[in-house]
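The values are calculated or read from the model by the stated rules, or taken from the named source; none is laboratory data. Because the structure is predicted, anything quoted here is derived from the model rather than measured. Cβ atoms come from the backbone with ideal geometry, glycine included; neighbour counts cover every protein chain shown. Surface areas here come from the heavy atoms of the whole protein model, side chains and all, with no ligands, DNA or RNA. Shrake-Rupley method; radii C 1.70, N 1.55, O 1.52, S 1.80 Å.
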Amino acid sequence: MSDSVDFIQDNKIPIGKWTKHYVDYIADNYADFFDSVSDSLKTFIDALLWLLQLPSPIVATAIVAVITWLIQRSIAVTIFVSLGLLLIVNQGYWEETTQTLALVISATTFCMLIGIPMGILLARKPWLYRIMRPILDLMQTIPTFVYLIPTMVLFGLGVVPGLISTVVFSLPASIRLTYLGIKSTPSALIEAGQAFGSTGAQILWKIEIPFAMPQIRAGLTQTIMLSLSMVVIAALVGADGLGVPTVRALNTQNIAKGFEVGLCIVLVAIILDRILNKEEAEQ
């Protein structure tokens, strides 16, 4: 029994070496491409961060409160959002919060721009969904540190590898929920549209997407929450934000700082959820 185990271990399939060789090949031959992508993404994030930090914290809180009221039409939600943001300012983590929001908004934007069209395509092509399903499962289940390493090799340290890793981790949610929404459109509605002479594009835009909109909004919310869960991981590769003081508190066993930062992250998650989730607010 031991000899057979030794034989299997002595003839190890070099999966790790193959992967390293593949990543090194890409890094060596396409370095200029990845540098340009990194510069473009960093420019986008820096511009978004500048926009978020342009107004003072008090003015920014007032702007968010107005936006919350326009979306929710709820005094309770508006007051909660305002008090939550003011508490973050009070704790001294406003700058880190804007940095985290820049990362989350960027990741969510890319996820939705990719996820919605991909979900629609998979709903239209069942054979393609069967191919993509294990890939989506792998993206959600593989430890984030595994694909954090190649992103560091290809894009270097900083916010960009954190953004790429966040997108990889969060993207399946928007794809799956869009696919579910489009796929669950009642056939009677589609047949009625066809009976009235609607084209495929008209059925998509006037029947399938409106019917799938609750699922698409759920995908948006899930993507934001998953992106927020990556702030600490992103900090390990040089991304700024609330993850940085979290890691410092962990390294120094600083309970006070850890609780303060953790509370800020929770507040950001709840605030974003309350602003976007109109159904719950109405209930």
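For residues that are open to solvent by 100 Å² or more (accessible area, probe 1.4 Å) and assigned to a helix (DSSP H, G or I), tally how many sit in the range 4-41.
14
Please state which one of A218, A188, A212 is free of Cβ contacts under 8 Å to residues at least 24 places away in the same chain and of a type in the set (A, V, I, L, M).
A188
In the range 62-93, which residue that is part of a helix (DSSP H, G or I), farther than 23 Å from G262 by Cα and among the small types (G, A, S) is least open to solvent (accessible area, probe 1.4 Å)?
Looking at the filtered set, the residue picked out is A62.
Every residue in the range 63-90 that is touching a residue at least 12 places away in the same chain (Cβ under 8 Å) and farther than 12 Å from V268 by Cβ, please.
Residues satisfying the conditions are A65, I67, T68, I71, Q72, S74, V77, T78, F80, S82, L86, V89.
In this structure, is T97 touching a Cys at 6+ places or on another chain (Cβ under 8 Å), among the hydroxyl-bearing types (S, T, Y) and open to solvent by less than 30 Å² (accessible area, probe 1.4 Å)?
In short, yes.
Do you know which residues across the range 230-255 are in contact with a helix residue (DSSP H, G or I) (Cβ under 8 Å, 6 or more places away or on another chain) and in a loop (DSSP other than H, G, I, E, B)?
Across the range 230-255, the qualifying residues are M230, L236, V237, G238, A239, D240, G241, L242, N254.
Does at least one position in the range 183-206 carry a residue that is over 15 Å from G119 (Cα atoms), open to solvent by less than 10 Å² (accessible area, probe 1.4 Å), among the hydroxyl-bearing types (S, T, Y) and assigned to a helix (DSSP H, G or I)?
no
Looking only at the range 42-61, count every residue that is over 30 Å from I164 (Cβ atoms), in contact (Cβ under 8 Å) with a residue 12 or more places away in the chain and surrounded by fewer than 17 Cβ atoms within 10 Å (Cβ to Cβ) and tell me the total.
Residues in the range 42-61 being over 30 Å from I164 (Cβ atoms), in contact (Cβ under 8 Å) with a residue 12 or more places away in the chain and surrounded by fewer than 17 Cβ atoms within 10 Å (Cβ to Cβ): 1 in total.
If you check L157 against the conditions, is it in a loop (DSSP other than H, G, I, E, B) and open to solvent by 40 Å² or more (accessible area, probe 1.4 Å)?
Against the criterion (in a loop (DSSP other than H, G, I, E, B) and open to solvent by 40 Å² or more (accessible area, probe 1.4 Å)), L157 qualifies.
Is there a residue being part of a helix (DSSP H, G or I), open to solvent by 20 Å² or more (accessible area, probe 1.4 Å) and of a type in the set (D, E) anywhere in the range 131-152?
yes
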